[in-house]
Amino acid sequence: MSTQSTIEWTECTWNPVSGCTKISPGCANCYAERMAKRLQAMGQYRYRNGFKVTLHPEAIEEPYQWRKPRVVFVNSMSDLFHEDIPAKYIQSIFEVMNNTPRHTYQILTKRSERLAELAPILNWSENIWMGITVENNRYLHRVDHLRQVDAHIRFLSLEPLLGPLDELNLHGINWVIVGGESGPNARPIKEEWILTIKNKCVFSDVPFFFKQWGGFNKKKNGRMLEGRQWDELPDAKDNLVSI
């Protein structure tokens, strides 16, 4: 089954895989790890292994049951391009997405090298949006890998933003999300980092979505930037739209 999401840029989540391992500083305070351990303690069967990578083949065909169109964040509790997930399993997930064009699927990965490696054997139907996460300048190479992918919509999740991205190149990118870290031990975000990215998006006509300031009290800190909310999204024709 899908789960309604409180993530501002999607509607629901679908997790045919759960669990992950840390590969870069953005993973340090992983919300999915905290949630998985909580669900394990509650006796949830799918989280019996805690945050160890676990395949859930029984969940793969769930989107066929959703009659109304949905915007779906795929694998919010994992990374679809984790090295422990077989390529054939990833292909089976893509097949379901290809066969359900009424839904829009959003995928995020930090494992951009494997994404670029597997992209040629995957069917990138127009309802699949592919994104990568970048948290600081050291990981800007992930954007270059994303540009190699033949996805109709390519997007960046710059969350948690842990430093400036002065060298960010938006060529071939259709959407940018920026957010500060939330939850326990949240690391601070600086307004000048956000504004530099926002200004690049405005200059390049790339939709900009400011998700949150973050901090321990995410709701209190809100998501206003320069006196407004930035809720821009790409549509299927790459036009700038807002919600």
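The values are calculated or read from the model by the stated rules, or taken from the named source; none is laboratory data. Remember, it's a predicted structure, so these values are computed and weren't measured experimentally. Using ideal geometry, Cβ is built from the backbone for each residue, glycine included, and neighbour counts are taken over all protein chains shown.
Could you check, for the stretch 37-58, whether at least one of its residues is at pLDDT 95 or above, acidic (Asp, Glu) and under 29 Å from Leu158 (Cβ atoms)? Checking the stretch 37-58: not a single residue is at pLDDT 95 or above, acidic (Asp, Glu) and under 29 Å from Leu158 (Cβ atoms).
Look at (1) assigned to a loop (DSSP other than H, G, I, E, B); (2) crowded, with 24+ Cβ neighbours inside 10 Å; (3) not hydroxyl-bearing (Ser, Thr, Tyr) and you find that Val178 fails only one, number (1). Go through the residues of the stretch 3-12 one by one and say whether even a single one is modelled with pLDDT of 95 or more and touching a helix residue (DSSP H, G or I) at 6+ places or on another chain (Cβ under 8 Å). No, the stretch 3-12 contains no residue that is modelled with pLDDT of 95 or more and touching a helix residue (DSSP H, G or I) at 6+ places or on another chain (Cβ under 8 Å).
Considering (1) over 25 Å from Thr21 (Cα atoms); (2) part of a loop (DSSP other than H, G, I, E, B); (3) modelled with pLDDT of 95 or more, the lone condition that Leu162 does not fulfil carries the number (1).
Take Ile173 and decide whether it is in a loop (DSSP other than H, G, I, E, B) and not acidic (Asp, Glu). In short, yes. Cβ separations smaller than 9 Å between residues 6+ apart or across chains give no pair from the stretch 71-86 residues that are at positive phi to residues that are surrounded by fewer than 22 Cβ atoms within 10 Å (Cβ to Cβ) and small (Gly, Ala, Ser).
Total residues in the stretch 40-70 satisfying the condition of being assigned to a helix (DSSP H, G or I) and in contact with a Lys or Arg (Cβ under 7 Å, 6 or more places away or on another chain): the figure is 1. In the condition set (1) within 30 Å of Arg138 (Cβ to Cβ); (2) among the hydroxyl-bearing types (Ser, Thr, Tyr); (3) surrounded by fewer than 22 Cβ atoms within 10 Å (Cβ to Cβ), Ser18 is compliant with all but (3).
Residue by residue through the stretch 21-39, note down the ones that are surrounded by fewer than 16 Cβ atoms within 10 Å (Cβ to Cβ), free of Cβ contacts under 8 Å to residues at least 24 places away in the same chain and not in a loop (DSSP other than H, G, I, E, B). Residues satisfying the conditions are Lys37, Arg38. The residue of the stretch 71-116 that is surrounded by the fewest Cβ atoms within 10 Å (Cβ to Cβ), among those that are assigned to a helix (DSSP H, G or I), in contact with a strand residue (DSSP E or B) (Cβ under 6 Å, 6 or more places away or on another chain) and among the aliphatic types (A, V, I, L, M), is Met97. Restricting to the stretch 220-230, and then to whatever is part of a loop (DSSP other than H, G, I, E, B) and in contact (Cβ under 8 Å) with a residue 12 or more places away in the chain, can you tell me which residue is surrounded by the most Cβ atoms within 10 Å (Cβ to Cβ)? The residue in question is Trp230. Taking the listed residues Asn217, Asn185, the one that is loosely packed, with under 15 Cβ neighbours inside 10 Å, out of contact with any Pro (no Cβ under 6 Å at 6 or more places or on another chain) and at pLDDT below 85 is Asn217, with no other qualifying.
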